[in-house]
Amino acid sequence: MVGVAYDCLLNPQGAVRSTFENALSKVSDPAAFDGKDWGAIDLFRKFLYDDGGLSQVPVLNPSSIARLKSNTLVRFRGMIQDMLGNELYVGMYKDGETWRTNKFGDFFQFPMATGSSPDMRVWERRLLYCVPVPGQNSWIEYSSESLLNPSSISSSPQREKRHREDDTAMADIDMQVTNEEVQASTSNKKMREDGIASNSSNLGDTPTADIGSATSVLPYFDRNSLPCLVKIYDSPESDLKLNDVFEFIGVLTFDPEFSVDKNVDNDFLGYLGDDDTQTQMPPTKVPRLHCLIHKKLSNQDFISGSPTLELKSHLVKEIRETLLRHLTTILGNDGVHARVDSTAVGKLSLNLTCFNKETLSIYGHRLNLALKNLLPFTHCVLLTVDYLNKIPLAPKKNYQTNRLASGILQLAEGSHLTIDETQLQEGRLNPIGLENARVLQSLLEQQKVEYDFTYYKMDMPADIQLLVLSEGKSNILPADLVLPFRPLSVDAAQEVEIEVLQSWRWYLATMRLLSHSITQEMQKVVEDDLVAARQADRSLGSLDFSRFLTMGRLVALSFGETTLTLEHWQMAKELERLRKERL
């Protein structure tokens, strides 16, 4: 049993050492612990999930980092922006006749002989460079702040508490738009004091010109952005992938006044200043998290305070209807667009046309703010010729720093991307612009983003909802659905009760996760309708049929149904008929 001295929250490394000593007493060969857990993970799982300790673990974010104590248990939610390979470290060593462990830590707790020795075991851990999820909206940050635990917070008078937004702002549909920030695998490894590296397998926000460049790999440490170097132990590589969003729970090590111990034997520890990870991601700027437990997150995990609702048809239908009325009001009582847009929760891109300067300033602004309030991760891109020619949209490997420089399109699963083409004028695209246009088309058509590794390119799967706003039909971005926008009136902006807003968030996050199928009976109905449609219009092809099926599936899912019914198929066909009437 772990005593008070080895508190899992305030002294997690003590708890790890306690389980190590207990397990060591039961084995004859310490090599049995190579690449394995000896019971430490089970101890923390019990503390977090069985004993209710999870709610006590503070969240690591820009406003809490200055107040959190190093070597305490924290949790960090973020996207894997870069995978830095594996790092070797001394995981176990002898202190006299006693074996000690350095697992889940950066520094040795006890004296250790330097140089290669049979009295030490060298183990391996993975390095992940993680960033806050790109496009994360402020209401998520607000809910995370409430999880801070005072017992793990330092009380230094020199550190100031970040001012949080007022809760009422979440219900204000016309709240101020904040600037979105873009967050910026190595096999070259060197020995260092906390590890030895080894080879291992104007509607929207317009980023500045250096976004995605080689100099933006490491975002500046400020109040809006906090990267984290996560160290993973004893976990299969297939469990964690680039761009996945995870919650990592582990030991925080962060030293704003870090300095190299000059007494350390460089033959053993290597030259710290030559280590590229140490130089570009110093512990004074980028906190380390030694991960004990990790969990992959979906959009639903970010819906704090969402109602506990069962998937009962009448409840889902009621939430759907209130959300539909809300979107209809925002869009000037254009019911056709509201219905199409509300079903576009998946791989069905929408191009809303007939936007001019006046309608964009009213309805485009309203729609943008509504999406920010409803969805966890949203982006707006103002597309111009100059923007396409200067800003790299896809991530690119920088071999000088051996890092993956982020791009606008390195987004988490389930992100929503609005592209504003209303200011796109005639002009010449240079090679960068042509490449960016091609990357955008690939995203719309195939839900793939091509990452540039200089010597080769790799398609990375994406799951991004796309909305294009333009004056005429977009020539650069051929969306699945093109719909002219025809507002009927300008109603006053609505204020939405927070409970209603939370139910909408829950609804959108939950419906997109439902599985879906078509019965043989409905499959025959759909096939007959598609054959009849083809006979009536010979221009229809396989892409059109695929779009019809997607619309039918999304309409059914919007009612919480996991199988396509005749009623929902008829609704999808009616939406398509109304859409075509406007073209």
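The values are calculated or read from the model by the stated rules, or taken from the named source; none is laboratory data. Values in this document were obtained by computation on a predicted structure and should not be read as measured data. Here the Cβ is made from the backbone with ideal geometry for all residues, glycine too, and neighbour counts use every protein chain on show. Note: accessible area is taken over every heavy atom of the protein model, side chains too, but ligands, DNA and RNA are not part of it. Shrake-Rupley method; radii C 1.70, N 1.55, O 1.52, S 1.80 Å.
Ranking I498, I419 from most to least accessible surface, computed with a 1.4 Å probe over the protein chains only, gives I498, I419. Remark: spin-label model distance S542-T563 equals 2.8 nm, labels positioned 7 Å along the Cα→Cβ axis. Probing with 1.4 Å while keeping every protein chain in the model, the per residue accessible area of the range 501-583 equals 52 Å². Over the range 376-458, the alpha carbon radius of gyration divided by the compact-protein estimate 2.2 N^0.38 Å works out to 1.12.
Taking amide H positions as modeled 1.01 Å from N, with prolines and chain starts lacking one, the residues under 5 Å from D463 and 5 or more places away or on another chain are G414. Over all other residues within a Cβ to Cβ distance under 11 Å of L24, the charged ones net out to +1, with Lys and Arg as +1 and Asp and Glu as -1. Each Lys or Arg adds one and each Asp or Glu takes one away; over the other residues whose Cβ falls under 13 Å from the Cβ of S474, this sums to -4. Loop-located trypsin sites (Lys or Arg not before Pro) across the range 1-86 with a Cβ neighbour count of 12 or fewer within 10 Å are K26, K36, with loop assigned by DSSP.
The accessible surface of the range 411-548, taken with every protein chain in place and a 1.4 Å probe, is 49 percent carbon and sulfur.
How large is log10 of I(q)/I(0) for the range 493-583 at q = 0.21 Å⁻¹ when the intensity is taken from the Debye formula with one equal scatterer per alpha-carbon? Ignoring solvent entirely, the Cα scatterers give -1.04. The accessible area of V59, taken with all protein chains in place and a 1.4 Å probe, comes to roughly 10 Å². Using only the Cα atoms of the range 469-511, build the gyration tensor, take square roots of its eigenvalues as a ≥ b ≥ c, and label the shape rounded, prolate or oblate: rounded if a/c is under 1.5, else prolate if a/b is larger than b/c, else oblate. It is oblate, given that a/c is not under 1.5 and a/b is not larger than b/c. Note on F559: accessible area is roughly 30 Å² with a 1.4 Å probe, heavy atoms of protein only. Within the shell defined by Cβ-Cβ distances under 11 Å, the residues around Q56 carry a net charge of -1, with Lys and Arg each +1 and Asp and Glu each -1. Each of T510, T454 has its accessible area taken with a 1.4 Å probe; listed largest first, they run T454, T510. Over 18 Å apart at the Cα level, from the set K103/K295; K357/K473; K103/K285; K296/K372; K396/K457; K241/K390, are K103/K295; K103/K285; K296/K372; K241/K390. Per-residue SASA remark: H314, around 110 Å² accessible (1.4 Å probe; ligands, DNA and RNA not included).
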